[in-house]
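Student: Take a look at this one; I'll ask things after.
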Amino acid sequence: MDENSSTLREISQDCVNAITNIDLLFNNLWFTYMKSIRLTKHALEQCIERGTDKIEISEAIRVGSIEPAKQDRLLYRANFQYNKYWQSQFYRIKQVAPVVKEEAYEIVVITVYTFYF
């Protein structure tokens, strides 16, 4: 009986640990999702020059793929249906790729790249 009780306690503790880890992961993801997004002056200038805006940047951060970038930064990438002209050429897809620095309470967009296909 002691061996079974001990095994049951170990299994119960493993379940508690697993639930705690899932809860911490969920809270971290929720907190990241809820962080405000701030664009630096340079990023705002690049928006105009490269044909994007804060809405597309926010969407790229929310749903885009993530890659490591230089200086402990992250680069997000998201493709958007475009079907418009940009600089006298027609493109079907616009890819928005903000480079960000994640801070404790906000996501700071350092610069943004756009690619047209």
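Student: For residues that are among the polar types (S, T, N, Q) and surrounded by fewer than 16 Cβ atoms within 10 Å (Cβ to Cβ), scanning just the range 47-78, find the one that is nearest to TYR116 (Cα to Cα).
Tutor: SER65
Student: Of all residues in the range 90-107, which are within 23 Å of THR40 (Cβ to Cβ) and surrounded by 11 or more Cβ atoms within 10 Å (Cβ to Cβ)? If you could, list the steps in order and put the result at the bottom.
Tutor: Here is the first cut: in the range 90-107, the ones within 23 Å of THR40 (Cβ to Cβ) are 94-107.
Answer for the range 90-107, where residues must be within 23 Å of THR40 (Cβ to Cβ) and surrounded by 11 or more Cβ atoms within 10 Å (Cβ to Cβ): LYS94, GLN95, VAL96, ALA97, PRO98, VAL99, VAL100, LYS101, GLU102, GLU103, GLU106, ILE107.
Student: If you don't mind, there's one more thing I want to ask. Tell me, yes or no, whether the range 31-49 has at least one residue that is touching a strand residue (DSSP E or B) at 6+ places or on another chain (Cβ under 8 Å), at pLDDT below 95 and assigned to a helix (DSSP H, G or I).
Tutor: Scanning the range 31-49 turns up at least one residue that is touching a strand residue (DSSP E or B) at 6+ places or on another chain (Cβ under 8 Å), at pLDDT below 95 and assigned to a helix (DSSP H, G or I).
Student: Considering only the range 79-89, how many residues are in contact (Cβ under 8 Å) with a residue 12 or more places away in the chain and exposed (fewer than 10 other Cβ atoms within 10 Å of the Cβ)?
Tutor: Within the range 79-89, the subset in contact (Cβ under 8 Å) with a residue 12 or more places away in the chain is 79-82, 86, 89.
Filter once more, so that each one left must be exposed (fewer than 10 other Cβ atoms within 10 Å of the Cβ): 81, 89.
So the count comes out to 2.
Student: Name every residue in the range 59-78 that is of a type in the set (Asp, Glu) and either in contact (Cβ under 8 Å) with a residue 60 or more places away in the chain or assigned to a strand (DSSP E or B) (or both), in order of residue number.
Tutor: Step one: filter the range 59-78 for residues of a type in the set (Asp, Glu), giving 59, 67, 72.
Listed by number, the list holds a single entry, GLU67.
Student: What is the one condition in (1) in contact with a helix residue (DSSP H, G or I) (Cβ under 6 Å, 6 or more places away or on another chain); (2) among the hydroxyl-bearing types (Ser, Thr, Tyr); (3) within 15 Å of THR40 (Cα to Cα) that SER58 does not satisfy?
Tutor: Failing condition for SER58: (1).
The values are calculated or read from the model by the stated rules, or taken from the named source; none is laboratory data. Given the structure is predicted, the values throughout are model-derived calculations rather than measurements. No Cβ is skipped: glycine too gets one built from the backbone with ideal geometry, and neighbour counts run over all protein chains shown.
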